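S.K.: The structure is given below, and queries will be raised subsequently.
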Amino acid sequence: MLLEVGGLVKRYKTKDRQIVEAVRGIRFTLSAGAILAFLGPNGAGKTTTIKMIAGLVRPDDGDVTVEGHSLSGRSGQALRHLGAVLEGSRNLYWRLTPLENFEYWGGIRGLSRKTARDRGRELMREFGLEDKIGSTVQQLSRGMQQQVAICAALIHSPSLLLLDEPTLGLDLDASDRIQDYVLRLAHERGVGILLTTHQMEVAQTLADRISIIQNGVLTLEGLKEDVLARFTGSSYVFELAEAPSAEARLLADDLGAAWTGECEFRAVLDRPTDVYEIMRALEPCAVVRVMRETADLATVFREHTRKPVPVENIREVTA
Amino acid sequence: MLHALSAEWRREWVQLRRYPTELLSELAVIVLVFYGLFLGGSYMAGGAILGGRLSDIIVGYALWTLSMMSVGTMGWTISNEAQNGTLEQVFLSPYGAALILLLRNMANVVIGLLFTILTLFSVMAITGHYLFISPWDIVPGLLMIASATGLGYLVASVTILMKRSQQLLNLLQFILLFLIMAPTASLGGPWRWLAIMAPFSPVVALLRSMMTQGAALLGTGNWLLWSVVNAVLWLLIGLLVFAWAQKKARRRGNLSHY
Ligand SMILES: Nc1ncnc2c1ncn2[C@@H]1O[C@H](COP(=O)(O)OP(=O)(O)OP(=O)(O)O)[C@@H](O)[C@H]1O
Ligand SMILES: [Mg+2]
């Protein structure tokens, strides 16, 4: 197995001496060539988990192995197989060019100058950025910088790539390029990829497997198809004749409406007859169309995280 | 590991070349100081006995700046990389951060040394005073830089935990300057241990007896031995404390915070 994450626990001590239980007993595996999307609300523990896998945060309990090498203790072997682009960091020297960055980051991962340059050129070509290889990173657009950061993380040809919010704040074009590349990287080259994102379309396009983490606990895990199938048949689209009043809108919200426009929303219903309840809540505003549809990941995520984290689950892990 | 060293080396060069104003201002300072030393030296000595004394001063000054560089580089690197969002990538190196910092320090010292030598020769050419600097001075020089590197790891440890090191660095410079000026070598009794164990003390004694008394490297009593012991000791202390500080920062999860 490429990545094995076993029972990770992380409690942070904050400045005011409180304890934050950021991660409470997470276990999962990732095989070569698979893409796992790690989803969860802000503060759920995604970044903490990724940093524990990269050895940057030390877990209170549990272990991580990459290609069979443990990260606790002597982590060098595990780190050789791992590349990471971290959230909110530059991950690159802005005063250097992409090529100089590749030489440096390759060098401190044991690559010769020539190997690092050749590999860096090849990666930049795959992103269509070969003409940018000589400009300093600070001169590049935000999207290009992120693509170069991904190239740098791949310079030593790792078999595991960690991407913490890789498309955050990027325009559609840059985001699409990165998504295309990530798909090819996993499915053609067999690199295992663990990524976090708040953009459900991105996760839906990329992931083979989906994990949802809430309050430091994995509350949902499975193949993308299975996860999407969970709410298929109970997901509905409603279209209204006009924009409803604010009170009516709030009432519909209570029944699980997720608005996609002024006059349109989706909802997941336990029973088909709940349609009447929603219509009543919206009165006198007329519902002109109701359609059953297959759920998208955003709907699944919203619906799943609407319920509070099952308490017994937390107990089980912290006990 | 050689690839990592050459990567550090190249990175320094590239930055120097790309930002020549920083390079020039650094060079200007060295040139001015050396020129001043030469002028002052020849003025005081009436231009006649510009022999040993002046070269001692210059060697001493060069060693002091290189050592201070080694004390400060690693801590500065950590706070700088944390601010620039690259520190965590450095910590992802399979060689470990301690080694990467050491290599960066080495690259810095070598570049600093090259500058110093270059400037020295130019100033000698300009003033027409030629100094003889013994190649044996290299040995105490290296020992001094090794101790300084150990202190550098201590500063780096403080930086990684407290996120700032400037005050410590200032304080440390004063203490070290005191240790260099103080005649610790002539202390007796229990104080002798201080002369042996305090950072820089034995190597300064070694340099002094080599320079002012013209002693050969091996003819300085036990000062060479004590200098080696001292350098190894401070390097070890530095490495151990740095390993502990890294572990602590990883436990707190604030390696990259600034
Ligand atoms: N170094 C730290 N010290 C103290 N608390 C921390 C530290 N890092 C994270 N936390 C806390 O741990 C919890 C999990 O944070 P984490 O960054 O892992 O969440 P996340 O899922 O990545 O969130 P986001 O979607 O906002 O990126 C949060 O409550 C956060 O405030
Ligand atoms: Mg995060």
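The values are calculated or read from the model by the stated rules, or taken from the named source; none is laboratory data. Just so you know, these numbers come straight off a predicted model, no measurement behind them. Cβ placement follows ideal geometry from the backbone for every residue including glycine, while neighbour counts extend to all protein chains displayed. Note: areas computed on protein heavy atoms with side chains; ligands, DNA, RNA excluded. Shrake-Rupley method; radii C 1.70, N 1.55, O 1.52, S 1.80 Å.
S.K.: Is it true that A:GLU303 is touching a residue at least 40 places away in the same chain (Cβ under 8 Å) and either of a type in the set (Gly, Ala, Ser) or part of a loop (DSSP other than H, G, I, E, B) (or both)? Write out each step before concluding.
M.R.: On the way: touching a residue at least 40 places away in the same chain (Cβ under 8 Å): yes; either of a type in the set (Gly, Ala, Ser) or part of a loop (DSSP other than H, G, I, E, B) (or both): no.
Considered against the rule, which asks whether it is touching a residue at least 40 places away in the same chain (Cβ under 8 Å) and either of a type in the set (Gly, Ala, Ser) or part of a loop (DSSP other than H, G, I, E, B) (or both), A:GLU303 comes out as no.
S.K.: Still on this model: With the requirement that a residue be out of contact with any helix residue (DSSP H, G or I) (no Cβ under 6 Å at 6 or more places or on another chain) and aromatic (Phe, Trp, Tyr), what does the stretch A:3-49 give you?
M.R.: A:TYR12, A:PHE28
S.K.: Being open to solvent by 60 Å² or more (accessible area, probe 1.4 Å), away from ligand 1 (no atom under 16 Å from the Cβ), out of contact with any strand residue (DSSP E or B) (no Cβ under 7 Å at 6 or more places or on another chain) and not in a strand (DSSP E or B) is the requirement here; does A:PRO284 meet it? Break it down stepwise before answering.
M.R.: On the way: open to solvent by 60 Å² or more (accessible area, probe 1.4 Å): yes; away from ligand 1 (no atom under 16 Å from the Cβ): yes; out of contact with any strand residue (DSSP E or B) (no Cβ under 7 Å at 6 or more places or on another chain): yes; not in a strand (DSSP E or B): yes.
When the stated conditions are applied, A:PRO284 passes them.
S.K.: All but one of (1) within 16 Å of ligand 2 (Cβ to nearest atom); (2) within 9 Å of another protein chain (Cβ to nearest Cβ); (3) open to solvent by 10 Å² or more (accessible area, probe 1.4 Å); (4) out of contact with any Ser or Thr (no Cβ under 9 Å at 6 or more places or on another chain) hold for A:GLY43; which doesn't?
M.R.: Looking at each condition in turn, A:GLY43 falls short on (2).
S.K.: Mind checking which pairs have a first residue in the stretch B:151-162 that is open to solvent by 10 Å² or more (accessible area, probe 1.4 Å) and a second that is of a type in the set (D, E, K, R), Cβ under 9 Å, 6 or more apart or different chains?
M.R.: B:VAL158/B:ARG164; B:LEU161/B:LYS248; B:LEU161/B:ARG252
S.K.: Hey, another quick one. Taking only the stretch B:237-257 into account, find how many residues are assigned to a loop (DSSP other than H, G, I, E, B) and either more than 16 Å from B:GLY96 (Cβ to Cβ) or open to solvent by 70 Å² or more (accessible area, probe 1.4 Å) (or both).
M.R.: At the first step, the residues of the stretch B:237-257 found to be assigned to a loop (DSSP other than H, G, I, E, B) are B:253-257.
Now narrow it down to the ones that are either more than 16 Å from B:GLY96 (Cβ to Cβ) or open to solvent by 70 Å² or more (accessible area, probe 1.4 Å) (or both): B:253-254, B:256-257.
Residues in the stretch B:237-257 being assigned to a loop (DSSP other than H, G, I, E, B) and either more than 16 Å from B:GLY96 (Cβ to Cβ) or open to solvent by 70 Å² or more (accessible area, probe 1.4 Å) (or both): 4 in total.
S.K.: Right, next: Picking from A:VAL288, A:VAL237, A:VAL268, which residue would you name as being within 28 Å of the chain's Cα centre (by Cα) and modelled with pLDDT of 90 or more?
M.R.: On the way: A:VAL288 fails: within 28 Å of the chain's Cα centre (by Cα); A:VAL268 fails: modelled with pLDDT of 90 or more.
Only one candidate passes the filter, namely A:VAL237.
S.K.: Sticking with this one: So which residues in the stretch A:85-101 are at negative phi and either more than 8 Å from chain B (Cβ to nearest Cβ) or open to solvent by less than 30 Å² (accessible area, probe 1.4 Å) (or both)?
M.R.: A:VAL85, A:LEU86, A:GLU87, A:LEU92, A:TYR93, A:LEU96, A:THR97, A:PRO98, A:LEU99, A:ASN101
S.K.: Let me ask you something else. How about the stretch B:189-203: which of its residues are over 19 Å from B:THR149 (Cβ atoms) and open to solvent by 40 Å² or more (accessible area, probe 1.4 Å)?
M.R.: The answer is B:GLY189, B:PRO190, B:TRP191, B:ARG192, B:TRP193, B:LEU194.
S.K.: Residues that are of a type in the set (Gly, Ala, Ser), within 16 Å of ligand 2 (Cβ to nearest atom) and modelled with pLDDT under 95: does the stretch A:81-97 have at least one? Working first, answer last.
M.R.: The first filter runs over the stretch A:81-97 and keeps only residues of a type in the set (Gly, Ala, Ser), leaving A:83-84, A:88-89.
Still in the list and also within 16 Å of ligand 2 (Cβ to nearest atom): A:84, A:88-89.
From what's left, modelled with pLDDT under 95: A:88-89.
Yes, there is a match, as at least one residue in the stretch A:81-97 is of a type in the set (Gly, Ala, Ser), within 16 Å of ligand 2 (Cβ to nearest atom) and modelled with pLDDT under 95.
S.K.: Still on this model: Being over 26 Å from A:HIS198 (Cα atoms), away from ligand 1 (no atom under 11 Å from the Cβ) and acidic (Asp, Glu): is that true of A:GLU100 here?
M.R.: Numbers: over 26 Å from A:HIS198 (Cα atoms): yes; away from ligand 1 (no atom under 11 Å from the Cβ): yes; acidic (Asp, Glu): yes.
Considered against the rule, which asks whether it is over 26 Å from A:HIS198 (Cα atoms), away from ligand 1 (no atom under 11 Å from the Cβ) and acidic (Asp, Glu), A:GLU100 comes out as yes.
S.K.: If you check A:LYS15, A:LYS46, A:LYS51, which single one turns out to be near ligand 1 (Cβ under 9 Å from one of its atoms), basic (Lys, Arg) and without any contact (Cβ under 8 Å) to a residue 12 or more places away in the chain?
M.R.: A:LYS15
S.K.: How do the helices (runs of 4 or more DSSP H) wholly within the stretch B:26-129 filter down when requiring 2 or more residues that are more than 14 Å from chain A (Cβ to nearest Cβ) and modelled with pLDDT under 90: which remain? Steps first, answer last, please.
M.R.: Values: elements: B:52-84, B:87-91, B:97-127.
Where helices (runs of 4 or more DSSP H) fall fully within the stretch B:26-129 and carry at least 2 residues being more than 14 Å from chain A (Cβ to nearest Cβ) and modelled with pLDDT under 90, they are B:52-84, B:97-127.
A quick yes/no check of all residues on (1) at positive phi; (2) not acidic (Asp, Glu):
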| residue | (1), (2) |
| --- | --- |
| A:GLU103 | no, no |
| A:GLY106 | no, yes |
| A:GLY110 | yes, yes |
| A:GLU122 | no, no |
| A:GLU130 | no, no |
| A:GLY134 | no, yes |
| A:GLN138 | no, yes |
| A:MET144 | no, yes |
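S.K.: Name every residue in the stretch A:250-262 that is open to solvent by 80 Å² or more (accessible area, probe 1.4 Å) and closer than 15 Å to A:ARG280 by Cα, in order of residue number.
M.R.: A:LEU250, A:LEU251, A:ASP254
S.K.: Given the structure, is B:ALA245 away from ligand 2 (no atom under 16 Å from the Cβ) and in contact with a helix residue (DSSP H, G or I) (Cβ under 7 Å, 6 or more places away or on another chain)?
M.R.: Values: away from ligand 2 (no atom under 16 Å from the Cβ): yes; in contact with a helix residue (DSSP H, G or I) (Cβ under 7 Å, 6 or more places away or on another chain): yes.
Yes: the conditions hold for B:ALA245.
S.K.: Would you point out the residue of the stretch A:85-97, among those that are away from ligand 1 (no atom under 16 Å from the Cβ) and either assigned to a strand (DSSP E or B) or free of Cβ contacts under 8 Å to residues at least 60 places away in the same chain (or both), that is nearest to the chain's Cα centre (by Cα)?
M.R.: Filtering first and then ranking leaves A:ARG90.
S.K.: Something else about it: Kindly establish whether A:LEU111 is crowded, with 19+ Cβ neighbours inside 10 Å and away from chain B (no Cβ under 13 Å).
M.R.: Numbers: crowded, with 19+ Cβ neighbours inside 10 Å: yes; away from chain B (no Cβ under 13 Å): no.
The answer is no for A:LEU111.
Here's the yes/no breakdown for (1) open to solvent by less than 50 Å² (accessible area, probe 1.4 Å); (2) assigned to a loop (DSSP other than H, G, I, E, B); (3) within 11 Å of chain B (Cβ to nearest Cβ):
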{"residue": "A:LYS51", "(1), (2), (3)": "yes, no, yes"}
{"residue": "A:LEU56", "(1), (2), (3)": "yes, yes, yes"}
{"residue": "A:PRO59", "(1), (2), (3)": "yes, yes, yes"}
{"residue": "A:ASP63", "(1), (2), (3)": "no, no, no"}
{"residue": "A:ALA78", "(1), (2), (3)": "yes, no, yes"}
{"residue": "A:GLY83", "(1), (2), (3)": "yes, no, yes"}
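S.K.: What is the residue count in the stretch A:145-169 for residues that are open to solvent by less than 10 Å² (accessible area, probe 1.4 Å), hydrophobic (A, V, I, L, M, F, W, C) and within 16 Å of ligand 1 (Cβ to nearest atom)? Let's see the steps before the verdict.
M.R.: Narrowing the stretch A:145-169 to residues open to solvent by less than 10 Å² (accessible area, probe 1.4 Å): A:147-155, A:158, A:160-164, A:166-167.
The next check asks that each one be hydrophobic (A, V, I, L, M, F, W, C); those that pass are A:148-155, A:160-163.
Subset that is within 16 Å of ligand 1 (Cβ to nearest atom): A:162-163.
Of the residues in the stretch A:145-169, 2 are open to solvent by less than 10 Å² (accessible area, probe 1.4 Å), hydrophobic (A, V, I, L, M, F, W, C) and within 16 Å of ligand 1 (Cβ to nearest atom).
S.K.: Quick one: how many residues across the stretch A:170-221 are open to solvent by 10 Å² or more (accessible area, probe 1.4 Å), within 13 Å of ligand 1 (Cβ to nearest atom) and on the phi > 0 side of the Ramachandran plot?
M.R.: Of the residues in that region, 1 qualify.
S.K.: Within the group B:PHE132, B:PHE178, B:PHE174, which residue is open to solvent by 50 Å² or more (accessible area, probe 1.4 Å), in a loop (DSSP other than H, G, I, E, B) and among the hydrophobic types (A, V, I, L, M, F, W, C)? Before the answer, list the steps.
M.R.: Working: B:PHE178 fails: in a loop (DSSP other than H, G, I, E, B); B:PHE174 fails: in a loop (DSSP other than H, G, I, E, B).
Selected residue: B:PHE132, the only one of B:PHE132, B:PHE178, B:PHE174 that is open to solvent by 50 Å² or more (accessible area, probe 1.4 Å), in a loop (DSSP other than H, G, I, E, B) and among the hydrophobic types (A, V, I, L, M, F, W, C).
S.K.: Considering only residues that are within 11 Å of ligand 2 (Cβ to nearest atom) and among the polar types (S, T, N, Q), which ones fall in the stretch A:46-73?
M.R.: At the first step, the residues of the stretch A:46-73 found to be within 11 Å of ligand 2 (Cβ to nearest atom) are A:46-51.
Hits for the stretch A:46-73 are A:THR47, A:THR48, A:THR49.
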